[in-house]
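Here's the structure, in structure tokens; my notes come after.
The values are calculated or read from the model by the stated rules, or taken from the named source; none is laboratory data. Keep in mind the model is a prediction, meaning the values are calculated, not measured. Positions of Cβ are backbone-derived with ideal geometry, glycine not excepted, and every protein chain shown enters the neighbour counts.
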Amino acid sequence: MEILHNLVMGFGVAISPIHLFYCFIGVLLGTLIGVLPGVGPVATIAMLLPITFNLSPTAALIMLAGIYYGAQYGGSTTAILVNIPGESSSVVTCLDGYQMARQGRAGPALAIAALGSFFAGCVATVLIAVAAPPLAEVALKFGPAEYFSLMVFGLVAATVLAHGSLIKAIAMVVWGLLFGLIGTDVNSGVLRFTFGIPELSDGIGFVIVAMGMFGTAEIISNLELKDKREVFTSKVTHLYPTKADLKAAWAPVLRGTALGSMLGILPGGGALLSSFGAYSLEKKISKNPEKFGKGAIEGVAAPESANNAGAQTSFIPMLTLGIPSNAVMALMIGALMIQGIAPGPQVMNEKPELFWGLIASMWVGNAMLVILNLPLIGMWVKLLTVPYRYLFPSILVFMSIGVFSLSNNPFDVLIMAIFGVLGYICVKLECEPAPMILGFILGPLMEENLRRAMLLSRGDPTVFVTKPISAGFMLASLILLVIVALPAIRKKREEVFVEEG
Amino acid sequence: MHIKSPRDFWAGLMFMGSGLFFAIWAIAYYQMGTAVRMGPAYFPTLLGGMLAVLGLIVFAGSFSLQGTPVPAFAMRPLILISVACVLYGYLMKPLGLVAATAALVFVSAAGGHEFKWREVTVLYVVLMIFSWAVFVKGLTLPFPMWPEALGY
């Protein structure tokens with residue numbers, strides 16, 4: 001019953017006017033960027049991070065979380081009406097959602113997406129509340145060796161689930177770890193890789209790297225494409241799904257929620273992987289798979305439930321272990337650090353109002369999102385007609401202001417531009433930026449834990465395989481790598497991502 | 001030798017180059033220490049070496065595994081967008097928010113597909129008012145509005 005007590009406390013925090021306000025701002029912004037193609041949650045959260053300086057940690061996290069799961073709702077709108085995924089996690093929704101819209105069933109498709117997401121959001125909220133405390137309990141017993149191995153496992157899993165070449169993804173992680181080491185070495189006080197530039201002595205700001213790699217790089221990539229959009233605005237007439245629709249959709253919603261919740265917890269998982277996995281699953285178990293791609297409601301219900309569930313359960317490793325499972329969670333950790341909170345299992349005990357308030361706010365936010373997305377759908381559709389040529393200068397203004405305001409230093413903006421160019425080159429060379437960002441935030445942490453573990457073991461590297469928990473993580477990492485390297489699985493993995501892209 | 005996968009060829013070179021750079025720089029300038037007491041060079045050397053090896057594998061693979069050519073770079077947006085951001089940062093202190101935002105909006109908009117003076121001017125005015133209202137008034141960020149030389 002302790003959970004119930006805690007949840008009640010959390011709801012008390014979440015429904016206080018100030019937190020309701022920031023939750024609303026978060027989900028509103030989330031829906032907005034979800035609807036707008038070419039603006040993702042990573043760039044948006046990075047843009048808003050500097051603003052959260054002025055907020056309480058709880059308000060900041062509630063708002064930023066709202067952006068992430070809100071984007072999952074908004075993303076479906078664009079996918080269904082325009083056949084362009086507003087978010088990468090809505091890619092598969094395009095397949096059947098857009099076909100439904102062409103058949104004049106845009107309304108039910110949107111409604112099922114929103115209701116499925118809401119159901120998934122509720123389940124995921126409960127799941128976090130139930131699963132997080134025992135996990136944090138276990139994590140509190142972790143020593144440096146366990147933490148190091150856990151981070152290795154997290155990074156390996158992130159590379160396994162990344163697109164494209166496995167070796168390139170691992171290289172990107174290692175590169176990110178190296179970039180993370182730039183700055184003052186905490187143990188010796190030595191300035192590393194600063195090349196006499198005083199601004200680098202505190203290291204490169206995580207926000208700046210994220211905005212460059214995901215923000216400016218994405219804008220440059222988008223500008224290569226011509227924008228052409230065909231919107232089915234007039235066709236959204238009846239919103240409510242028929243009885244037959246509901247009957248066809250309830251089981252996929254359940255399966256999507258279950259699968260999404262599981263995949264969300266995995267390091268490297270989250271909304272993207274969940275939606276794709278759920279779509280494949282539905283297609284595989286369906287009695288008439290030929291319906292898929294021609295407007296099957298199952299093909300909308302399952303991935304949309306799954307991406308919302310995955311978006312929320314990916315908070316579990318972040319909140320309990322302090323380990324980011326994807327780039328958005330890495331930014332959340334950045335937000336906590338800005339507030340002077342060391343992310344990890346102790347957060348739940350030391351800041352219960354933050355922890356439970358955030359969880360409760362997710363339910364509140366999901367309820368707001370249904371209202372925002374169903375009755376107000378017309379407003380979002382209008383937004384789709386805003387051309388990209390108005391959007392990208394606006395995004396650049398917000399990013400530049402955000403980065404500049406971090407320390408009122410033009411050098412930060414220069415670094416952002418450099419990482420923008422680097423991010424663009426990486427995209428061209430098919431190197432995923434997301435694993436690099438994870439490496440970047442984990443670099444100093446990994447070094448610190450490696451040092452401590454080696455000090456405690458008197459320089460004996462076998463400590464990582466003799467301690468049971470640590471050995472478990474190492475073994476799991478190894479198994480993952482071997483599995484992915486197997487030719488049969490490698491081929492399958494490539495197919496999966498080809499279909500997705 | 002024939003390069004079969006140009007993307008991997010360049011990616012491999014990029015990883016090898018930066019891996020070696022980090023490792024050599026660390027060995028040259030920082031203390032290595034021992035496994036028990038790691039010096040500042042220990043971890044970077046380890047990682048740099050790893051990155052170089054991974055780069056070598058990717059590089060070597062580019063001669064045997066079939067890949068796709070590197071797509072053309074969109075130089076115009078790449079340069080204009082990057083320059084616009086840098087201009088914004090470096091113009092802010094000497095010239096103030098009004099001029100810096102103008103530089104950012106006009107230069108970056110020139111990187112788009114079509115550039116219409118009227119549209120971009122309207123966009124600039126809207127963004128300027130928004131920046132002022134939200135960031136200067138609302139969040140009280142200490143940005144100068146006008147050039148320093150004017151004495152505001």
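All conditions in (1) under 30 Å from A:V126 (Cα atoms); (2) more than 21 Å from the chain's Cα centre (by Cα) hold for A:I418, with the sole exception of (1).
Sort out which residues of the range A:157-187 are buried (at least 22 other Cβ atoms within 10 Å of the Cβ), over 19 Å from A:M337 (Cβ atoms) and either among the basic types (K, R) or modelled with pLDDT of 85 or more (or both), and write them in order of number. Scanning the range A:157-187 gives A:K168, A:A169, A:I170, A:A171, A:M172, A:V173, A:V174, A:W175, A:L178. From the list A:F419, A:F411, A:F404, A:F392, the lone residue that is buried (at least 23 other Cβ atoms within 10 Å of the Cβ), touching an Asp or Glu at 6+ places or on another chain (Cβ under 7 Å), modelled with pLDDT of 85 or more and not hydroxyl-bearing (S, T, Y) is A:F404. Report the residue count in the range A:450-468 for those that are away from chain B (no Cβ under 11 Å), in contact (Cβ under 8 Å) with a residue 40 or more places away in the chain and among the polar types (S, T, N, Q). Going through the range A:450-468 one residue at a time, the tally reaches 0. Residue count for the range B:15-52 satisfying the condition of being among the aliphatic types (A, V, I, L, M), more than 7 Å from chain A (Cβ to nearest Cβ) and part of a helix (DSSP H, G or I): 9. Pairing each residue of the range A:87-109 that is within 25 Å of A:N222 (Cβ to Cβ) with any residue that is of a type in the set (D, E, K, R) and at pLDDT 85 or above, provided the two are 6+ apart or on different chains, yields C-beta distances under 7 Å for A:T93/A:E304.
Can you find a residue that is outside any helix (DSSP H, G or I), among the hydroxyl-bearing types (S, T, Y) and more than 11 Å from chain B (Cβ to nearest Cβ) anywhere in the range A:383-396? Yes, the conditions are met somewhere in the range A:383-396. Taken over the range A:188-219, the criterion of being surrounded by fewer than 16 Cβ atoms within 10 Å (Cβ to Cβ) and not acidic (D, E) is satisfied by A:G189, A:V190, A:F195, A:G196, A:I197, A:P198, A:S201.
Checking the range A:175-188 against the condition returns a match, with at least one residue being out of contact with any helix residue (DSSP H, G or I) (no Cβ under 8 Å at 6 or more places or on another chain) and outside any helix (DSSP H, G or I).
Against the list (1) modelled with pLDDT under 85; (2) under 30 Å from A:A251 (Cβ atoms); (3) more than 13 Å from the chain's Cα centre (by Cα), the condition A:S274 fails is (3). Of all residues in the range B:80-97, those satisfying the criterion of being within 7 Å of another protein chain (Cβ to nearest Cβ), at pLDDT 90 or above and closer than 15 Å to A:M399 by Cβ are B:I81, B:S82, B:A84, B:C85, B:V86, B:Y88, B:G89. Residues that are on the phi < 0 side of the Ramachandran plot, facing another protein chain (nearest Cβ under 7 Å) and not in a helix (DSSP H, G or I) do not occur anywhere in the range B:53-64. Counting only helices (runs of 4 or more DSSP H) wholly contained in the range A:19-118, the ones carrying 2 or more residues that are crowded, with 23+ Cβ neighbours inside 10 Å and within 16 Å of the chain's Cα centre (by Cα) occupy A:41-48, A:57-82.
For B:L56, the test of being in the same structural domain as B:H113 (by TED's automatic domain parsing) and over 21 Å from A:V152 (Cα atoms) is failed. For the range A:4-18, the set of residues classified as aliphatic (A, V, I, L, M), in a helix (DSSP H, G or I) and under 23 Å from A:C122 (Cβ atoms) consists of A:L4, A:L7, A:V8, A:M9, A:V13, A:A14, listed by residue number.
Would a scan of the range A:356-369 turn up a residue that is farther than 18 Å from A:I33 by Cβ and of a type in the set (S, T, Y)? Yes, the conditions are met somewhere in the range A:356-369.
Working carefully through the options B:L91, B:L97, find the one that is closer than 23 Å to B:V134 by Cβ, surrounded by 16 or more Cβ atoms within 10 Å (Cβ to Cβ) and touching a residue at least 40 places away in the same chain (Cβ under 8 Å). Step by step, each of B:L91, B:L97 is checked, and only B:L97 is closer than 23 Å to B:V134 by Cβ, surrounded by 16 or more Cβ atoms within 10 Å (Cβ to Cβ) and touching a residue at least 40 places away in the same chain (Cβ under 8 Å). Taking (1) part of a helix (DSSP H, G or I); (2) more than 9 Å from chain A (Cβ to nearest Cβ) in turn, B:K4 satisfies each apart from (1).
The residues in the range B:121-141 that are more than 7 Å from chain A (Cβ to nearest Cβ) and surrounded by fewer than 19 Cβ atoms within 10 Å (Cβ to Cβ) can be counted, and the count is 14. Checking A:M348, A:M368 one by one, the residue that is touching a Pro at 6+ places or on another chain (Cβ under 7 Å), surrounded by fewer than 24 Cβ atoms within 10 Å (Cβ to Cβ) and touching a residue at least 12 places away in the same chain (Cβ under 8 Å) is A:M348 and no other. Scanning the range A:211-230 turns up at least one residue that is modelled with pLDDT under 85, of a type in the set (F, W, Y) and not in a loop (DSSP other than H, G, I, E, B).
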